[in-house]
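Inspection log for the structure reproduced underneath, given as structure tokens.
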Amino acid sequence: MIKLSGIFLCLASLQIYAQSTLPVIPVPVKTQVKTGQFIINDQTVIVDRNGREKASVAFFNAYLEKYYGFKLRVVEKAGRNFISFSTKTFIKAPADPEGYTLAVSPLSVHITGDSDAGTFYGLQTLIQLLPVERATELKIPAVAVEDYPRFKYRGAMLDVTRHFFDIEYVKKFIDLLALHKINTFHWHLTDDQGWRIEIKKYPKLTEVGGCRNGTIIGRYPGTGNDGQKYCGYYTQEQVKEIVQYAGDRFITVIPEIELPGHSSAAIAAYPQLSCFPDEPTRAAPKTAWHGDTIRKNVQQAWGVFEDVYCPSEYTFNFLQDVLDEVIPLFPSRYIHIGGDECPKEAWKRSAFCQKLIKENNLKDEHGLQSYFVQRVEKYLNGKGKTIIGWDEILEGGLAPNATVMSWRGEKGGIEAAKQKHDVIMAPNSYIYLDYSQRKAEDSVTIGGYLPLQKVYSFNPIPKELDPEEQHHILGAQANLWTEYIHYPSKVEYMIFPRLTALSEVFWSPLKNKSWESFKTRIPVQFKRYELWGVHYYPALNEPVK
Ligand code: TNX
């Protein structure tokens with residue numbers, strides 16, 4: 001008995017050894033290190049027997065060329081020195097369609113996906129095994145990996161409203177997500193400080209709503225206003241380009257069109273969307289303003305604003321027209337309709353809203369928000385789309401088919417799952433990547449403190465849920481709000497290495513997740529960031545609290 005348990009212990013430690021020696025993030029379900037190595041050089045070929053692995057082949061060759069300066073020939077068959085990509089075909093798709101196996105021997109590399117996406121994820125693991133320095137011979141250890149994700153929704157949000165990022169950078173951001181096996185890009189396209197997507201029927205949305213006359217300087221309320229006109233939007237052609245680019249990397253793009261709050265930019269373009277079209281713009285308290293406030297203006301500071309969409313027929317027609325142009329651009333099943341932080345003051349003051357509340361037997365203004373969201377949901381459901389809303393959509397009653405994105409901690413997510421609604425966990429307490437990641441942060445951030453280890457410790461499944469309810473947790477998402485993020489370099493500094501930690505939260509089985517092991521793997525990832533030329537915070541010894 002003692003002997004047996006000794007052998008067992010020995011085997012178990014071998015398994016841990018195998019898991020932790022390879023610097024792969026996210027850590028796979030099963031990793032077995034073998035003897036020997038495979039060497040990729042410019043004679044190595046890629047085998048793509050049926051010519052269907054174009055996405056993975058193109059990504060790999062682009063990666064090799066960019067970081068090592070050579071690419072590989074693609075052939076239908078080879079005897080040795082090859083890397084084969086293949087995807088299984090099933091009569092009935094498996095339960096984990098994003099799974100794959102990766103087998104590296106001294107003679108060959110085989111990546112076999114349970115779907116094209118699975119093959120692509122096998123490639124991402126192979127990339128993690130490549131050296132982190134530029135070389136002409138790339139040595140990778142012989143290994144057998146079996147892998148599939150823990151969650152089917154693995155997301156990241158980029159706010160392009162507070163600060164705008166051009167399509168070249170959005171593509172780079174998407175590449176960085178793909179390298180982390182993230183499969184959803186949530187694109188926050190409209191807010192108080194800018195409307196960023198072309199809508200042909202309403203050109204002023206981008207002409208007027210796409211520009212603000214200035215921006216506060218420094219941390220809210222700021223030390224002044226820079227007085228600079230700040231503009232930016234994506235044409236529908238550019239949106240299509242991004243959706244295609246993401247799709248080639250097995251990433252679904254979910255657009256967010258905020259309603260009924262966070263709508264100052266739309267109101268600046270079309271004041272009739274407000275219950276009080278003739279009232280001047282109210283700037284955020286204690287902030288400096290540039291230009292006039294007599295007409296409706298795009299906001300120049302951060303926060304929550306009282307002038308919101310009026311629940312009028314004019315507004316609903318407008319939103320339906322907008323959505324009619326948005327829907328065909330995004331193949332995603334989901335459209336995010338926001339729903340967060342909608343102050344009720346304007347609706348309280350409006351005789352029209354009070355009448356609407358009475359006529360529809362609504363309890364109060366929260367009931368009216370619910371009425372608003374449900375009307376939009378009904379419209380979108382009719383077009384085959386499902387809505388996602390921030391957890392405020394729980395207030396006043398949840399729209400019948402809505403998926404809830406829980407951001408104010410985990411509470412909203414727990415409540416929604418108990419009501420048998422699908423949930424995406426994005427609690428600010430763990431995954432708000434705009435919060436400071438170091439105690440002695442010397443760049444301006446929104447505040448908060450979210451060090452790497454705290455982020456890594458996140459478990460998207462709250463313990464309050466029973467197994468049936470847990471089923472409703474589709475996955476989780478990192479959010480990057482950009483009030484204090486003006487440039488790509490800061491985007492990267494804020495997301496790395498925390499997004500890398502989250503990739504393990506999203507993908508790896510709980511039993512393989514270990515901070516001690518992650519700590520041994522992350523230094524290699526730092527070197528890989530350097531190879532990629534991305535900025536990062538070299539966090540390791542930050543305290544947890
Ligand atoms: C809350 S999260 C917001 C955003 C801000 C963010 C800053 C959410 C649904 N709303 O409008 O940018 O906090 O951390």
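The values are calculated or read from the model by the stated rules, or taken from the named source; none is laboratory data. Predicted, not measured: the structure shown is a model, and the values here were computed from it. Methodologically, a virtual Cβ is constructed for each residue, glycine included, from the backbone with ideal geometry; neighbour enumeration extends over all protein chains shown.
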Being within 17 Å of residue 316 (Cα to Cα) and crowded, with 18+ Cβ neighbours inside 10 Å is the filter here, so list the residues in region 351-364 that pass it.
353, 356, 357
Which pairs turn up if I take residues in region 433-444 that are of a type outside the set (D, E, K, R) and look for partners that are surrounded by fewer than 12 Cβ atoms within 10 Å (Cβ to Cβ) and at pLDDT 90 or above with beta carbon separation below 8 Å, at least 6 apart in sequence or on another chain?
444/218
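Identify the residue in region 333-342 that is at negative phi and in contact with a helix residue (DSSP H, G or I) (Cβ under 9 Å, 6 or more places away or on another chain) and, among all such residues, is nearest to the ligand (Cβ to nearest atom).
Within region 333-342, the match that is nearest to the ligand (Cβ to nearest atom) is 340.
For region 399-412, which positions are away from the ligand (no atom under 13 Å from the Cβ) and surrounded by 21 or more Cβ atoms within 10 Å (Cβ to Cβ)?
Correct list: 399, 402, 403, 410.
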Of (1) over 20 Å from residue 248 (Cα atoms); (2) touching a helix residue (DSSP H, G or I) at 6+ places or on another chain (Cβ under 6 Å), residue 142 satisfies all except one. Which?
(2)
Using the structure shown, decide if residue 417 is small (Gly, Ala, Ser), away from the ligand (no atom under 16 Å from the Cβ) and touching a strand residue (DSSP E or B) at 6+ places or on another chain (Cβ under 6 Å).
yes
Considering only residues that are part of a loop (DSSP other than H, G, I, E, B), within 26 Å of the chain's Cα centre (by Cα) and either more than 15 Å from the ligand (Cβ to nearest atom) or at positive phi (or both), which ones fall in region 301-321?
303
Given (1) outside any helix (DSSP H, G or I); (2) closer than 16 Å to residue 125 by Cα; (3) among the β-branched types (Val, Ile, Thr), where does residue 485 come up short, assuming only one miss?
(2)
So which residues in region 108-136 are within 20 Å of residue 75 (Cα to Cα) and more than 24 Å from the chain's Cα centre (by Cα), if there are any at all?
108, 109, 110, 111, 112
What about residue 429, is it within 13 Å of the ligand (Cβ to nearest atom) and in the same structural domain as residue 383 (by TED's automatic domain parsing)?
yes
Out of 161, 119, 101, report the one residue that is polar (S, T, N, Q) and within 16 Å of the ligand (Cβ to nearest atom).
161
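Taking the options 222, 209, 214, name whichever one is in contact with a helix residue (DSSP H, G or I) (Cβ under 9 Å, 6 or more places away or on another chain), buried (at least 18 other Cβ atoms within 10 Å of the Cβ) and either modelled with pLDDT under 95 or small (Gly, Ala, Ser) (or both). Give the steps one after another, and end with the answer.
Working: 222 fails: in contact with a helix residue (DSSP H, G or I) (Cβ under 9 Å, 6 or more places away or on another chain); 214 fails: in contact with a helix residue (DSSP H, G or I) (Cβ under 9 Å, 6 or more places away or on another chain).
Among 222, 209, 214, only 209 is in contact with a helix residue (DSSP H, G or I) (Cβ under 9 Å, 6 or more places away or on another chain), buried (at least 18 other Cβ atoms within 10 Å of the Cβ) and either modelled with pLDDT under 95 or small (Gly, Ala, Ser) (or both).
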Residues of region 243-286 being closer than 30 Å to residue 173 by Cβ and without any contact (Cβ under 8 Å) to a residue 24 or more places away in the chain, which ones?
244
In region 432-484, which residues are within 16 Å of the chain's Cα centre (by Cα), of a type outside the set (Phe, Trp, Tyr) and either within 16 Å of the ligand (Cβ to nearest atom) or surrounded by fewer than 18 Cβ atoms within 10 Å (Cβ to Cβ) (or both)?
433, 434, 455, 476, 477, 478, 479, 480, 482
List the pairs whose first member sits in region 395-409 and is within 18 Å of residue 427 (Cα to Cα), whose second member is part of a loop (DSSP other than H, G, I, E, B) and within 15 Å of the ligand (Cβ to nearest atom), and whose Cβ atoms are under 7 Å apart, counting only residues at least 6 apart or on separate chains?
405/426; 406/426; 406/427; 407/426; 407/427; 409/427
I'd like to verify a number: residues in region 319-345 that are farther than 19 Å from residue 399 by Cβ and crowded, with 22+ Cβ neighbours inside 10 Å, how many?
0
Counting just the residues of region 428-466 that are of a type in the set (D, E, K, R) and at pLDDT below 95, which one comes out nearest to residue 477 (Cα to Cα)?
438
Does region 472-480 contain any residue that is free of Cβ contacts under 8 Å to residues at least 60 places away in the same chain and assigned by TED's automatic domain parsing to the domain that holds residue 406?
yes
Restricting attention to region 187-205, which residues are in contact with a strand residue (DSSP E or B) (Cβ under 7 Å, 6 or more places away or on another chain) and away from the ligand (no atom under 16 Å from the Cβ)?
197, 198, 205
Quick one: is residue 291 within 15 Å of the ligand (Cβ to nearest atom), part of a loop (DSSP other than H, G, I, E, B) and in the same structural domain as residue 377 (by TED's automatic domain parsing)?
no
Return yes or no: is residue 179 farther than 27 Å from residue 218 by Cα and either within 16 Å of the ligand (Cβ to nearest atom) or in contact (Cβ under 8 Å) with a residue 40 or more places away in the chain (or both)?
yes
